[in-house]
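S.K.: One structure is given below, represented as structure tokens, and several questions about it will come after.
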There are 2 protein chains.
Amino acid sequence: MTTDLVPKECAMQAQIGGRRLTVGGMAKGSGMIHPNLATMLGVLTTDAALEPELAQRALRAAATNTFNQVSVDRDTSTNDTLVLLASGAAGGEPIAPGTADAEAFGALLTAVCVDLARQIARDGEGASRMITARIEGASSDADARRIAREIVCSPLVKTAVYGRDPNWGRILAAIGNAGVPIDPTTIDLWIGDIQVASGGTRTNFDEGRVSDAMGAEEVLIRASLGGDSGRGEAWGCDLTEGYVRINAEYTT
Amino acid sequence: MTTDLVPKECAMQAQIGGRRLTVGGMAKGSGMIHPNLATMLGVLTTDAALEPELAQRALRAAATNTFNQVSVDRDTSTNDTLVLLASGAAGGEPIAPGTADAEAFGALLTAVCVDLARQIARDGEGASRMITARIEGASSDADARRIAREIVCSPLVKTAVYGRDPNWGRILAAIGNAGVPIDPTTIDLWIGDIQVASGGTRTNFDEGRVSDAMGAEEVLIRASLGGDSGRGEAWGCDLTEGYVRINAEYTT
């Protein structure tokens, strides 16, 4: 049984090493989605000529910032798979590691993975809307990713988004719950394009406007930690009665 | 606003050092419950004579196995408090650390905390029934506690309990998701008193009977990992549409 509502596909092209290279991908997954491996089934294809080592390295790097930053329900799957198939049909010598071409290919691969990761979050079981958490000003990219993931994982943030509740305190609590040292007094926080906290303190925001912003198909939660230059994103979805129903349904 | 439906109180007595000592306690908490500190508001009282150091040590030990093993929604609170007040009204010299009396007092304190922790799990936001996870045969008590907590935290286990779905695979997946090395081929698993897996493989259980067992007010999930002598328990509750409604409700 699958609870996916839509097929998830993506293809992008870039000019690399004098050739127009394509990376395509498809993914499947809707529940039991939480970063650990790649957390779902994903197949990527490219006509680029790639040695296995470079392909593996590029795929790992792309997954770190994309598939490993998606969470629907914090439950990991037991059969996560992400595969990259490179046919070399575009011709030419394999892309050499450490070159500008390798970097460009990595960026193309990552862009396709971001697109697919977002499609998975959007189609989360029972979800009515998608949540994007964007962190900047963290001590490292890894810290930023961890904090972003904690935000999209928090049941209280997820239900607040579902209910369009501009409960910025739940977001601050999730940031503090990521296991990363933070200084709450330097945190600026936005929901959509409205700043809801400055230096860890509530701004004079209009609750109705923020609630409206939380009705968007994609709700952006953005925090600047006021520290270093670490940044990261994570994607998730709201928690609805639909998720409970889908996973509580049982018929002998 | 509180979402507690019932008051949570407990009092127990024991004969310690020739005196009948009493430990009483009350706790408040229903959502935003997940082990980190003590994860809610709890006040314990006793008439025992205690030096602060022994009181602190006994309280920490008791919390480790009780309040820190309760999870309603994996979201930690920002104002967890657990306090022990000792009046010394029972008279006598303060209980000396390292003695049989100190151990007996610790056991009494832990028993009261277990009772309160279970009351909190039972009154989890939106919960229709309580889940107890009991792990034995782990490498250490800490590992066993961590695995037990993962089981009661898993949204997929929680929704399966809500739907009375004898989905033993979700329980095995949660065990494997605890970040503790395990050998799935040595895991025996019970739901209520019915064994559903032996050596990691499904037994020939009657689904209807297990589904009935999952309709109990308290659903016991028990696993023997077939390793060492580590054991631990955790308490949680099912995940229902009620939890979503309580936390998505928003009125300006």
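The values are calculated or read from the model by the stated rules, or taken from the named source; none is laboratory data. Owing to the predicted nature of the structure, the values given are computational and were not obtained by experimental measurement. Methodologically, a virtual Cβ is constructed for each residue, glycine included, from the backbone with ideal geometry; neighbour enumeration extends over all protein chains shown. SASA here: full protein model, heavy atoms, side chains in, ligands and nucleic acids out. Shrake-Rupley method; radii C 1.70, N 1.55, O 1.52, S 1.80 Å.
S.K.: When residues of the range B:176-223 are filtered for being within 20 Å of B:Val161 (Cα to Cα) and in contact with an Asp or Glu (Cβ under 6 Å, 6 or more places away or on another chain), how many remain?
M.R.: The qualifying residues number 2.
S.K.: Could you tell me which residue of the range A:138-152 is least open to solvent (accessible area, probe 1.4 Å), considering only residues that are of a type in the set (D, E, K, R) and out of contact with any helix residue (DSSP H, G or I) (no Cβ under 7 Å at 6 or more places or on another chain)?
M.R.: Taking the candidates together, the pick is A:Asp143.
S.K.: OK, next. Among the residues of the range A:130-151, is there at least one that is out of contact with any strand residue (DSSP E or B) (no Cβ under 6 Å at 6 or more places or on another chain) and within 14 Å of chain B (Cβ to nearest Cβ)?
M.R.: yes
S.K.: Separate question: Kindly indicate whether any position in the range A:97-109 is open to solvent by 40 Å² or more (accessible area, probe 1.4 Å), touching an Asp or Glu at 6+ places or on another chain (Cβ under 6 Å), at pLDDT 90 or above and away from chain B (no Cβ under 14 Å).
M.R.: No, the range A:97-109 contains no residue that is open to solvent by 40 Å² or more (accessible area, probe 1.4 Å), touching an Asp or Glu at 6+ places or on another chain (Cβ under 6 Å), at pLDDT 90 or above and away from chain B (no Cβ under 14 Å).
S.K.: So, in the range B:200-221, exactly how many residues are over 30 Å from A:Thr240 (Cβ atoms) and either open to solvent by less than 60 Å² (accessible area, probe 1.4 Å) or within 12 Å of chain A (Cβ to nearest Cβ) (or both)?
M.R.: Selection size over the range B:200-221: 5.
S.K.: Further question: For the range A:95-114, state whether one or more residues are assigned to a strand (DSSP E or B), within 21 Å of A:Gly42 (Cβ to Cβ) and touching a helix residue (DSSP H, G or I) at 6+ places or on another chain (Cβ under 8 Å).
M.R.: Checking the range A:95-114: not a single residue is assigned to a strand (DSSP E or B), within 21 Å of A:Gly42 (Cβ to Cβ) and touching a helix residue (DSSP H, G or I) at 6+ places or on another chain (Cβ under 8 Å).
S.K.: While we're on this one: Tell me yes or no: at least one residue of the range A:117-134 is part of a helix (DSSP H, G or I), surrounded by 24 or more Cβ atoms within 10 Å (Cβ to Cβ) and either at pLDDT 90 or above or acidic (Asp, Glu) (or both).
M.R.: no
S.K.: All but one of (1) modelled with pLDDT of 95 or more; (2) within 29 Å of A:Tyr243 (Cβ to Cβ) hold for B:Thr240; state the number of the condition that does not hold.
M.R.: Only one criterion is unmet by B:Thr240, namely (1).
S.K.: Moving on to the next point. Would you point out the residue of the range A:227-250, among those that are surrounded by fewer than 17 Cβ atoms within 10 Å (Cβ to Cβ) and in contact with a strand residue (DSSP E or B) (Cβ under 8 Å, 6 or more places away or on another chain), that is nearest to the other protein chains (Cβ to nearest Cβ)?
M.R.: Applying the filter and picking the extreme gives A:Asp228.
S.K.: When you go through (1) in contact (Cβ under 8 Å) with a residue 12 or more places away in the chain; (2) surrounded by fewer than 20 Cβ atoms within 10 Å (Cβ to Cβ); (3) over 12 Å from A:Cys237 (Cα atoms); (4) within 14 Å of another protein chain (Cβ to nearest Cβ) one by one for A:Asp165, which number turns out not to apply?
M.R.: Of the numbered conditions (1) in contact (Cβ under 8 Å) with a residue 12 or more places away in the chain; (2) surrounded by fewer than 20 Cβ atoms within 10 Å (Cβ to Cβ); (3) over 12 Å from A:Cys237 (Cα atoms); (4) within 14 Å of another protein chain (Cβ to nearest Cβ), the odd one out for A:Asp165 is (2).
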